[in-house]
Amino acid sequence: MKRVRKNELPDVVMELGVKIKAIIEDKGLKQREVAHDAGMDVENLRKYIRGGQEMKISTVFRISEALGITASELLNGLQTKKEG
């Protein structure tokens, strides 16, 4: 049985995944190479890319390093929606 999430993930999680995927494609990298360089399983990286799993800040740093960019560059331009 598929696990049901209690709370929806913020849109920024999906937006970050799209950005990671675009950088991987732009640099001509393979997801498995990025995952290896980030010290994670490729399936976990794919969950992040799909926006299906929120990542810890340490994971953001590991992925950005594997992509050859800073965490600031990776997060730059992402928008969070303000509630209220």
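The values are calculated or read from the model by the stated rules, or taken from the named source; none is laboratory data. Computed from a predicted structure; not experimentally measured. For neighbour counting, all protein chains shown are included, and Cβ atoms are generated from backbone atoms with ideal geometry for every residue, glycine included. Side chains included, ligands, DNA and RNA excluded: accessible areas come from the protein's heavy atoms. Shrake-Rupley method; radii C 1.70, N 1.55, O 1.52, S 1.80 Å.
The table for this structure:
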quantity	calculated
Filter result for the condition that a residue is part of a helix (DSSP H, G or I) and farther than 16 Å from Leu9 by Cα, over Ile49, Ile69, Ile24	Ile24
Pairs where the first residue, in the range 7-23, is within 13 Å of Leu75 (Cβ to Cβ) and the second is open to solvent by less than 30 Å² (accessible area, probe 1.4 Å) and modelled with pLDDT under 95, C-beta under 7 Å, 6+ apart	Val13/Gly51; Gly17/Gly51
Residue in the range 73-82 that is part of a loop (DSSP other than H, G, I, E, B) and under 11 Å from the mean Cα position of the chain (by Cα) present	no
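Matching residues to (1) open to solvent by 70 Å² or more (accessible area, probe 1.4 Å); (2) modelled with pLDDT of 95 or more; (3) among the aromatic types (Phe, Trp, Tyr):
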residue	(1), (2), (3)
Asp11	yes, no, no
Ala35	no, yes, no
Ala38	no, yes, no
Asn44	no, yes, no
Gln53	no, no, no
Ser58	no, yes, no
Phe61	yes, yes, yes
Glu73	yes, yes, no
Glu83	yes, no, no
